[in-house]
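This report concerns only the one structure given below.
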Amino acid sequence: MIKQHRQALVVEGGGMRGAFTSGVLDAFLQQQFNPFDLCVGVSSGSTNVANYLAAQEGRTLHIYLDHSLRSEFIRYGRFFRGGDLLDLKWMWDVVEQEYPLNQEQLFANHAEFYMVLTHAISGEATYIKACRKNILEGLRASSSIPVLTRQAVEIFGEPYFDGGVADALPVHWAANQDRVAKMMVVRTRPKNYYKASLKGDKLLAKYYAKQRQGFAQSLLTRTQRYNDAVQFLHTSPAQTLLEICPPDLKNMASRLSKNKAKIRYSYDVGLDAGHQAIEEWYKL
């Protein structure tokens, strides 16, 4: 039977800031809470969603506290010599060997799961529905931050970078999907956070301008898209949307944090927020 009203989960990225999200979603697993028919994740948010749907409580936190902190993953010396700062291919290969994603459980779940990617040439957002053929490369592409990872990831012959460039907070997309009536949005920024225009985006746009004009233009306009999404959250009817945010960023993990205490603290804050979110969701 086709549901008349669907419930959606939107999960923001943010590198190690996603430790907060992993706490939120682990709280959901602890209480066997999964009312969602549609899930969409961006960057590290995609990985968080995948582990949630695979019912692998603690997997994301384990990756943050172990694999993400290994010397093979983040190397500034390698980056300054022209390589990747973040070796995501190494990361995904090693994680799959040591702590594989439970794809059997992931795809047994009835929720539709989409990963947000940015086309490396056109700069347009691409929302790829996860399947066994694309899940691992899709998760890697969704987290491949331009410049920090030099090469785009190819999926079915097309090159992609981090979805955060084209649509870092895909609330408009989720709200426009068929029959979506309620939406939960898990962010890694405080509720009142808006992006400022970043000089870094302008520098990146110049870097890509010659060979990837569409991608360069997308970099120049992503701040406005993000702020439009935040405004959408703040003006949506309270009975149809629940926004889950860290209370503030003090003592929380930053994007490239290597501080285990801050990562663990962010996770614990997320656990508390997740349990509270379940109660609030049932009140909508």
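The values are calculated or read from the model by the stated rules, or taken from the named source; none is laboratory data. Since the structure is predicted, the reported quantities are computational estimates derived from the model, not experimental observations. Glycine also receives a Cβ, built like all others from the backbone with ideal geometry; neighbour counts cover every protein chain displayed. Note: accessible area is taken over every heavy atom of the protein model, side chains too, but ligands, DNA and RNA are not part of it. Shrake-Rupley method; radii C 1.70, N 1.55, O 1.52, S 1.80 Å.
Which of the strands (runs of 3 or more DSSP E) contained wholly in the stretch 100-206 include at least 1 residues that are open to solvent by 10 Å² or more (accessible area, probe 1.4 Å), touching a residue at least 12 places away in the same chain (Cβ under 8 Å) and closer than 28 Å to G83 by Cβ? Let's see the steps before the verdict.
Numbers: elements: 112-119, 125-129, 153-155, 158-162, 180-186.
By residue number, 112-119, 125-129, 153-155, 158-162.
In the set (1) touching a residue at least 40 places away in the same chain (Cβ under 8 Å); (2) loosely packed, with under 15 Cβ neighbours inside 10 Å, the condition left unmet by P246 is number (2). With respect to being open to solvent by less than 50 Å² (accessible area, probe 1.4 Å) and under 23 Å from E280 (Cβ atoms), L88 falls outside the description. Within the span defined as the stretch 78-88, one or more residues are free of Cβ contacts under 8 Å to residues at least 24 places away in the same chain, over 18 Å from A130 (Cα atoms) and part of a helix (DSSP H, G or I). Restricting G45, G15, G41, G82 to residues that are under 26 Å from T118 (Cα atoms), of a type outside the set (S, T, N, Q), under 18 Å from the mean Cα position of the chain (by Cα) and open to solvent by 10 Å² or more (accessible area, probe 1.4 Å) narrows the list to G15. Please verify whether the stretch 259-276 includes one or more residues that are out of contact with any Cys (no Cβ under 9 Å at 6 or more places or on another chain) and assigned to a loop (DSSP other than H, G, I, E, B). Yes; the residues of the stretch 259-276 include at least one that is out of contact with any Cys (no Cβ under 9 Å at 6 or more places or on another chain) and assigned to a loop (DSSP other than H, G, I, E, B). Within the stretch 49-61, being in a helix (DSSP H, G or I) and either open to solvent by 10 Å² or more (accessible area, probe 1.4 Å) or free of Cβ contacts under 8 Å to residues at least 60 places away in the same chain (or both) holds for N51, Y52, R59, T60, L61. Just one of the numbered conditions (1) in contact with a helix residue (DSSP H, G or I) (Cβ under 9 Å, 6 or more places away or on another chain); (2) part of a helix (DSSP H, G or I); (3) over 21 Å from D248 (Cβ atoms); (4) open to solvent by 10 Å² or more (accessible area, probe 1.4 Å) is not true of Y64: (3).
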